[in-house]
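To start, the structure itself, in structure tokens.
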Amino acid sequence: MRSLSPFLSRLSVAACLLVLAAAPALAQGLNNYGTLYSRFGVGERLLFSTSQTEAMGGAGVALRSFSYASLDNPAAWGDIALTHFTFGASVTGTSVEAADGTTSDLASGGLSTIQIAFPLRQQKLGLNIAYRPYSRVNYRAVQTESFLPSDGGGAIDYRINYEGEGGLQEIQAGLGYRLSPNVLIGGSINALFGTVDYLQRTEFPGSVGFVETRSTESVRVAGVTGTAGVIASVPRLLGEADVLAFGATLRLPARLFGERALTIGQSLDRDTLATETDGSLRLPMEVAAGISYQPTRSLRLAVDTRYEPWGSQFESDFALGGFTPGGETILSDRFRVGGGLEWRPAGARRRAPYLSRVAYRLGGYVDNGYLAPEGTDLTTYAATAGLSLPALIPTASFDLNVEVGQRGDATGLLVRDTFVKASATINFGERWFQRRRLD
């Protein structure tokens, strides 16, 4: 088996690079549309911490790891011993079913994260800088209608296309500090920015004398908030090698300032009328708590819960999907519970056979989102799984994950989403920015 290790390592590198290269290209080659529910609020809420936690149901608030620098909890950066570089991408295929039985297949993809983290003092004080999407808007819906012209002619068909794209992005920078061997604290500054475009196109297929019209509403905002976190561990709880850890984070509400621009025109000309309005929106706070348990060096278990009070704390001067300033809203508080396990047969033994050094991960989560049209249930149920494939470099890995789930129900105006998400992430660690000592 050892003789196969170099070949399997190279094969894992090739597989991961292939998925990373194919994800954006595949999405672009198809339609680059996702769930119709991304029309509402600030879009579909995204969550990425590490490729490790992604395959474990998103549970990472209490995880401490040598190989990963968690974005879930800034306290984890106090554990950093190596310089970590992470790059990830994903592609999602969604099958949409409407109440009348009609279906459509959609696909989209893009970056999951770009991250660099390194120790200012090894396993004492760590610095992290990362980019990741906060929310995503990418939908398309078509409505076909007809009208009778005033000259008494036959009915004229027309088609209205509703499209949306954009979302909010996040840049996170902060420090983690080890207060003691068993207590870590940390904090970060989170810069949020982005643009959401709502496009409505009215077409008259097969009709002469009617010109396509377009209207676009763009909301562009930016702002800053902060996150604080803590991790406390209890070693040797039931045995000599086990560790129990608790983690918690608090992200403050964020006030984002920006403008809304409306353009109306014909065909490709969208400058016939342009108006701009200044304003702001307020994202709610986010509270997360988790627990992890490592009974042996080969096994890890983790469970997280997350709460975001969108229904009571979200404010906006701009009209968004499902939200009207001073009017009705379909936004509700978000609850998410996820958990999973990681099994690495070889534990910390680096000279074990290759397949024994692979990390095998399983998990799942339940997320009610932050949309609640009256009398409906838009809860997402999903199962996750993944492999962490060791590379020739001991501190590098290539992670391949898959997520399968379902959201909503095909009743009334609602649709049922069945989705499959595949992702690939490169994790690389090295001893950078450290002085060598001469004894």
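The values are calculated or read from the model by the stated rules, or taken from the named source; none is laboratory data. Values in this document were obtained by computation on a predicted structure and should not be read as measured data. Positions of Cβ are generated from backbone atoms using ideal geometry, with glycine treated the same way; all protein chains shown enter the neighbour counts. Just the protein is used for accessible areas: all its heavy atoms, side chains included, with ligands, DNA and RNA removed. Shrake-Rupley method; radii C 1.70, N 1.55, O 1.52, S 1.80 Å.
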*Rule-of-thumb check for region 277-361: C-alpha Rg over 2.2 N^0.38 Å?*
1.81
*Round to the nearest 0.05 the FRET efficiency obtained for residue 46 and residue 379 when R0 = 22 Å and r is the Cβ-Cβ distance.*
0.85
*Using DSSP loop states and a limit of at most 15 other Cβ atoms within 10 Å to flag GluC sites (Glu not before Pro), what is the longest stretch of the chain containing no flagged site?*
1-239
*Simple Cβ-charge dipole of region 189-328, Lys/Arg +1 and Asp/Glu -1, about Cα centre, in debye nearest 20*: 620
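Which loop trypsin sites (Lys or Arg not before Pro) in region 318-395, with loop taken from DSSP, have no more than 15 other Cβ atoms within 10 angstrom of their Cβ? Don't skip to the answer; put the middle values down first.
Details: sites: 334, 336, 349, 350, 351, 357, 361; in loops: 349, 350, 351.
Sparse-neighbourhood loop trypsin sites (Lys or Arg not before Pro): 349, 350, 351.
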*Extension gain, residue 180 back to residue 285 (0.36 nm per residue minus Cα-Cα distance, nm)*: 35.0 nm
*222 nm [θ] for the chain, helices only, -39500 (n - 2.57) per DSSP H run of 4+, per residue, to 500?*
-2500 deg cm²/dmol
*asked:* If I ignore ligands, DNA and RNA and count only protein heavy atoms, how much of residue 257 is accessible to a 1.4 Å probe, in Å² to the nearest 10?
replied: 130
*Could you compute the FRET efficiency for residue 145 and residue 259, with r as their C-beta to C-beta distance and R0 at 25 Å, rounded to 0.05?*
0.20
*Matching label, Rg/Rh (Cα atoms, Kirkwood Rh) computed from the structure shown, candidates (i) 1.03; (ii) 0.97; (iii) 1.08*: (i)
*Of 230, 368, 218, which is farthest on the positive side of the dipole of the chain, counting Cα position, with +1 on Lys and Arg Cβ, -1 on Asp and Glu Cβ, and the Cα centre as origin?*
230
*Just need log10 I(q)/I(0) for region 259-402 at q = 0.11, 0.13, 0.18 Å⁻¹, Debye formula, equal scatterers on the alpha-carbon atoms, no solvent, rounded to two decimals.*
-0.69, -0.80, -1.04
*Set the Förster distance to 30 Å, then compute FRET efficiency between residue 100 and residue 222 from the Cβ-Cβ distance, nearest 0.05.*
0.15
*Provide the per-residue ³J(HN,Hα) series for region 184-199, in order, calculated from phi with Karplus coefficients 6.51, -1.76, 1.60 and θ = phi - 60°, each as a whole number of Hz, with x at glycine and proline positions.*
10, 10, x, x, 8, 9, 10, 8, 10, 7, x, 9, 10, 10, 10, 10
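If contacts are Cα pairs under 8 angstrom and at least 6 residues apart, what is the relative contact order of the chain in percent? Walk me through the numbers before you get to the answer.
Details: 1318 pairs, mean separation 79.3, N = 439.
Reported relative contact order: 18 percent.
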*Surface share of carbon and sulfur [accessible, 1.4 angstrom probe, percent] for the chain*: 59
_Can you compute 3J(HN,Hα) from phi for each residue in region 124-139, using the Karplus curve 6.51 cos²θ - 1.76 cosθ + 1.60 with θ = phi - 60°, rounded to whole Hz and x for Gly and Pro?_
9, 9, x, 10, 10, 9, 8, 10, 7, x, 9, 8, 9, 10, 7, 9
_Pairwise Cα inverse-distance average, inverted: Kirkwood Rh of region 209-258 (Å)_ = 16.2
_Run the simple label-point estimate for residue 313 and residue 236 please: 7 Å along Cα→C-beta, distance reported in nm._
4.0
